[in-house]
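First the structure, in the form of structure tokens, and then the observations on it.
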Amino acid sequence: MAKVLLLRAGALGDVLLLRRAVAALVREGHRLTLLAPGQPASALLGPGPTEVDAIIPWEKAAVAGLAAGAPRLEGTLARQLETFDAALAYTRNQSMIANLGRFIARLIPWDPQPPPGSGHPALWLARATAPLAAPIEEPLPVHAPTPEETRQAAPWLARLPAGFLALHPGSGSPRKNWPAERFRAAIKALAPPRPWLLVEGPADELAAGALRSPNSVSARDLPPRLLGAVLAKAGLYLGNDSGVSHLAAAWGAPTLALFGPTDPTVWGPLGPRVTTLRSPDE
């Protein structure tokens, strides 16, 4: 058993792609800390078999020095790094790799971008764990809420019917978004005339604004684990190629993910009840 640091920059979907790597390390009994952007990292902070024990937010000032290759790194972060037995550094930043090596003797650098033909990114990222853990071949368990997360999700679920429709019309790029009129047609067909959940992130104002209605229950900027606990109760989650779609899949929601310019065989969400559809003309 070792104390292992995982380092990964990126948004919510990027962080959730680490679940298979995390599961392999947890199964070996390792204690895990994730250094990643704070909000996405919080999605993996929990007691489950695909979750980490602690996080270090990327936004901490000292992390900037680590990334820039500062000649001296002092304070809390330096003391934290010295406690780790090993680190998996999913980064191309050579200054950061060199700096981590000053504190952590067993350092495994790994390119976060899978090379062509290497399969799903989650599998590529999990291969980095080979020196520390055997790979996991079987399907991963879904996330489960803690009692506190169940309590926090209750007010949202009380406003929604059983088997509700959950919809996220946004993504990291407008090019990946299904047109608003198509979403409206889906809502009319799937949720008349009862309440449905509209998931809104900080960049989704334009996409979500076109869909709000008296029946929509807005879930705006919810913490990832609270949103996951709500989505787990959906009868259907419908969304684009986005981090929220990866979150819904990881929490076991029946997920229909819509793809256009990106390839679902490479970037599709992973979960027990996921279907992807891609537009023939992208």
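Relative to the dominant Cα principal axis of the chain, helix 180-190 is inclined by about 70°. Rolling a 1.4 angstrom probe over the protein heavy atoms with all chains in place gives the chain an accessible area of 45 Å² per residue. In this structure Glu82 has an accessible area near 120 Å², from a 1.4 Å probe over the protein heavy atoms.
Whats the longest run of the chain with zero trypsin sites (Lys or Arg not before Pro) that are DSSP loop and have at most 13 other Cβ atoms within 10 Å?
Between the exposed loop sites, the longest stretch runs 1-71.
Calculate the dipole size of the chain relative to its Cα centre from +1 charges on Lys and Arg beta carbons and -1 charges on Asp and Glu beta carbons; express the result in debye to the nearest 20. Please list the in-between numbers first.
Values: 27 positive and 22 negative charges, 58 e Å.
With only Lys, Arg, Asp and Glu charged at Cβ, the dipole is about 280 debye.
Shape class of the chain from the alpha-carbon gyration tensor: prolate, with a/c at 1.5 or above and a/b greater than b/c.
Tell me, what % of the accessible area of the stretch 105-191 is carbon and sulfur with a 1.4 angstrom probe?
Working: 3000 of 4860 Å².
Roughly 62 percent of what the probe reaches on the stretch 105-191 is carbon or sulfur.
Could you work out how far the C-alpha centroid of the stretch 182-215 sits from that of the stretch 241-282, in angstrom? Distance between centres, Cα-based: 18 Å.
For the pair Ala158 and Ser118, the difference between a 0.36 nm per residue extended length and the Cα-Cα distance amounts to 10.0 nm. For the chain, the mean residue ellipticity at 222 nm estimated from helices alone is -9000 deg cm²/dmol, where every DSSP H run of n ≥ 4 contributes -39500 (n - 2.57) and the total is divided by all residues, rounded to the nearest 500. Evaluating 6.51 cos²θ - 1.76 cosθ + 1.60 at θ = phi - 60° for every residue in the stretch 172-179, the Karplus couplings come out as x, 8, x, 5, 8, 8, 4, x Hz, glycine and proline recorded as x.
Scanning residues 5 or more positions from Leu35 or on other chains, those with amide H under 5 Å from its amide H are Leu6, Leu7, Arg8, Ile56, with H placed 1.01 Å from N in the peptide plane.
The values are calculated or read from the model by the stated rules, or taken from the named source; none is laboratory data. Small disclaimer: the values here were computed from a predicted structure and weren't measured. Note that each Cβ is placed from the backbone with ideal geometry, even for glycine, and that neighbours are counted across all protein chains shown. Please note that ligands, DNA and RNA were not included when accessible areas were found on the heavy atoms of the full protein model with its side chains. Shrake-Rupley method; radii C 1.70, N 1.55, O 1.52, S 1.80 Å.
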